Protein chains: 2
Amino acid sequence: MNKPFEVVVSRSKSVEDHVLEIIEILNHNSNEVDLKGYGFEINKTVDIYNALKDRLKEGITLEEVSIGSETKDRKRISYLLLRIKRSY
Amino acid sequence: MNKPFEVVVSRSKSVEDHVLEIIEILNHNSNEVDLKGYGFEINKTVDIYNALKDRLKEGITLEEVSIGSETKDRKRISYLLLRIKRSY
Ligand SMILES: [Zn+2]
């Protein structure tokens, strides 16, 4: 239950799909989720967090927000990473 | 020189336009810039930061990264806020 479970935001999944996926992980797999969105999925990453926060309220805390870039296929792509922790 | 200067990411301006705008502010107006992007501009916000970092290297530090949402015209819109500080 200690290592953060990484969830990469998918272009084809809805915000709601990701919210449900993260709730499942927090319930059954890990008390921390690293939610990571690349490029055009960065704004969706923030939407997912806000929708999850609406749903779980004080049940989660945002441990860390970080940004950066990685090289993929010789192109640099920006990312946003949100570390979400279950509060209790 | 103390209060952060707020820059809201614009749909119509390029990443490069914003980079130059922020460099001007850090040179002449304030040693801190709050770069804020809403909705679809959130991913551009991260691109702007990464392009600025490439340019200024250790000349800037990322003081704070935060996310949240605001209500505009009865719709809730997510945002990403990056507080960028001139190092010296
Ligand atoms: Zn379940």
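The values are calculated or read from the model by the stated rules, or taken from the named source; none is laboratory data. A quick note: this is a predicted structure, and the numbers were derived from the prediction, not measured. No Cβ is skipped: glycine too gets one built from the backbone with ideal geometry, and neighbour counts run over all protein chains shown. The protein model used for the area step is the full one, side chains on, heavy atoms only, and it has no ligands, DNA or RNA in it. Shrake-Rupley method; radii C 1.70, N 1.55, O 1.52, S 1.80 Å.
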In segment A:17-65, the residues that are open to solvent by 40 Å² or more (accessible area, probe 1.4 Å) and either away from the ligand (no atom under 15 Å from the Cβ) or closer than 17 Å to residue B:65 by Cα (or both): A:40, A:47, A:53, A:54, A:57, A:58, A:61, A:62, A:63, A:64
Residues satisfying the stated conditions in segment A:1-16, i.e. of a type in the set (Asp, Glu) and more than 16 Å from the ligand (Cβ to nearest atom): A:6
Close pairs (6 angstrom Cβ cut-off, 6 or more residues apart or separate chains): away from every other protein chain (no Cβ under 14 Å) in segment A:12-28, more than 10 Å from the ligand (Cβ to nearest atom) anywhere: A:22/A:33; A:22/A:52; A:25/A:5; A:25/A:33; A:26/A:86
For residue B:80: the one exception among (1) in contact with a Gly (Cβ under 7 Å, 6 or more places away or on another chain); (2) modelled with pLDDT under 95: (2)
Matching option when the condition is over 19 Å from residue B:50 (Cα atoms) and out of contact with any Ser or Thr (no Cβ under 8 Å at 6 or more places or on another chain), among A:35, A:56: A:56
Those residues of segment B:1-46 which are among the polar types (S, T, N, Q) and within 10 Å of the chain's Cα centre (by Cα), in sequence order: B:45
Segment A:6-16, residues that are assigned to a strand (DSSP E or B) and surrounded by 18 or more Cβ atoms within 10 Å (Cβ to Cβ): A:7
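Yes or no, residue by residue, for (1) part of a helix (DSSP H, G or I); (2) at pLDDT 95 or above:
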position	(1), (2)
A:2	no, no
A:24	yes, no
A:36	no, yes
A:45	yes, yes
A:57	yes, no
A:69	no, no
A:85	no, yes
